[in-house]
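Working notes for the structure below.
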Amino acid sequence: MKHPLALLPLLLLAACGSGPKTETAPAAANTASLPEAHVDPATAGTVSGRVLFTGTPPVMPIIDMSSNPQCERQHKTPVKAETVVVNPNGTLRNVFVWIKSGLSPAQWPMPATPAKLDQNGCMYAPRVQGLMEGQDFEILNSDPVNHNVHAECERNAAWNESQPPRAEHKFKKFASEEVLFPVTCSVHPWMRAYVGVSPHPFFFVTADDGSFVLKGVPPGTYTIEAVHEKYGRKEGKVTVAPSGTASIEFTYGS
């Protein structure tokens with residue numbers, strides 16, 4: 001069964017040269033002409049909530065790594081697929097939650113540190129993450145085996161590049177909003193992660209309690225979207241009053 005967020009094959013762009021390298025996909029718009037974002041801390045609010053799961057959680061299959069013993073030896077116990085991870089409190093993990101619309105176009109401050117994707121035990125970590133347009137995306141290979149990192153973007157330029165064992169880190173950038181796209185490995189087909197590229201910093205990925213919180217949100221009315229790799233997209237409206245708190249819940253089920 002295909003995931004709802006699976007994308008069509010795209011042109012693969014290969015990088016040349018050696019050493020750390022940063023590549024930027026063509027920008028969809030001239031963000032340099034946008035005003036700098038300003039949020040008054042005295043009136044900033046918060047959006048919080050949970051992503052719930054109803055019904056019987058699907059049983060995740062054991063990943064067969066026998067085709068690569070070096071991968072298999074790194075795990076003391078069998079590894080299950082992470083397509084659906086339901087927490088003990090009945091919430092759903094690895095859901096990307098963000099402000100989809102309602103913010104005025106602006107240049108938001110860029111995080112000082114890169115977003116990171118590691119390849120460890122022939123698995124991607126983290127499974128789902130967000131980063132801002134233009135933010136550095138650092139890719140590590142902590143494994144003793146070769147990987148092919150394949151960013152299956154649609155709005156940004158796709159690429160598929162080899163990364164030898166414990167090689168120098170790769171650095172990439174994405175210039176266009178895109179929520180979500182998969183990152184796969186052409187060598188190990190079970191490896192999969194998802195990345196959300198946002199034009200602003202108001203995004204969150206649910207973890208082991210299924211909650212999310214978006215802090216420092218300016219007063220206004222917003223569309224909040226939740227995106228899961230298997231169960232797809234849900235959205236709702238919230239209004240954040242000056243210095244106020246708004247809450248919203250999303251529910252998925254089998």
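The values are calculated or read from the model by the stated rules, or taken from the named source; none is laboratory data. For clarity, every value in this text was computed on a predicted model and none was experimentally measured. Cβ placement follows ideal geometry from the backbone for every residue including glycine, while neighbour counts extend to all protein chains displayed.
Quick check, is Pro182 at pLDDT 95 or above, farther than 19 Å from Val51 by Cα and in contact with a Pro (Cβ under 7 Å, 6 or more places away or on another chain)? No: the conditions fail for Pro182. Of the residues that make up the stretch 63-70, is at least one exposed (fewer than 14 other Cβ atoms within 10 Å of the Cβ), modelled with pLDDT of 95 or more and either within 30 Å of Ala106 (Cα to Cα) or not charged (D, E, K, R) (or both)? Looking for residues that are exposed (fewer than 14 other Cβ atoms within 10 Å of the Cβ), modelled with pLDDT of 95 or more and either within 30 Å of Ala106 (Cα to Cα) or not charged (D, E, K, R) (or both), one finds none in the stretch 63-70, hence no.
State whether the residues of the stretch 185-202 include one that is farther than 27 Å from Gly90 by Cβ, surrounded by fewer than 19 Cβ atoms within 10 Å (Cβ to Cβ) and in contact with a strand residue (DSSP E or B) (Cβ under 6 Å, 6 or more places away or on another chain). Among the residues of the stretch 185-202, at least one is farther than 27 Å from Gly90 by Cβ, surrounded by fewer than 19 Cβ atoms within 10 Å (Cβ to Cβ) and in contact with a strand residue (DSSP E or B) (Cβ under 6 Å, 6 or more places away or on another chain), which makes the answer yes.
Once the stretch 122-151 is narrowed to residues that are touching a Pro at 6+ places or on another chain (Cβ under 8 Å) and in a loop (DSSP other than H, G, I, E, B), the residue that is surrounded by the most Cβ atoms within 10 Å (Cβ to Cβ) is Glu133.
Filtering the stretch 170-214 to residues that are of a type in the set (Gly, Ala, Ser) and either part of a strand (DSSP E or B) or more than 14 Å from Arg127 (Cβ to Cβ) (or both) leaves Ala175, Ser176, Ser186, Ala193, Gly196, Ser198, Gly210, Ser211. The set of residues in the stretch 122-132 that are of a type outside the set (A, V, I, L, M) and farther than 17 Å from Trp159 by Cβ comprises Cys122, Pro126, Arg127, Gln129, Gly130. For the stretch 64-91, the candidate set comprises residues that are outside any strand (DSSP E or B) and hydroxyl-bearing (Ser, Thr, Tyr); within that set, the residue that is nearest to Val205 (Cα to Cα) is Thr83. Inspection of the stretch 50-63 identifies at least one residue that is closer than 13 Å to Gly121 by Cβ and not in a strand (DSSP E or B).
Kindly establish whether Trp98 is of a type in the set (Phe, Trp, Tyr), assigned to a loop (DSSP other than H, G, I, E, B) and either at pLDDT 95 or above or farther than 30 Å from Gly49 by Cβ (or both). Taking the combined requirement at face value, the residue does not satisfy it. Checked against (1) closer than 17 Å to Ala115 by Cα; (2) crowded, with 20+ Cβ neighbours inside 10 Å, Phe171 passes all but a single condition, namely (2). Within the option set Gly244, Gly232, Gly236, being farther than 26 Å from Asn87 by Cβ and modelled with pLDDT of 95 or more holds for one residue only, Gly244. Collect the residues in the stretch 215-254 that are outside any strand (DSSP E or B) and farther than 18 Å from Val197 by Cβ, keeping them in residue-number order. Pro218, Pro219, Lys230, Tyr231, Ala241, Pro242, Ser243, Gly244, Ser254 - these are the residues of the stretch 215-254 that are outside any strand (DSSP E or B) and farther than 18 Å from Val197 by Cβ.
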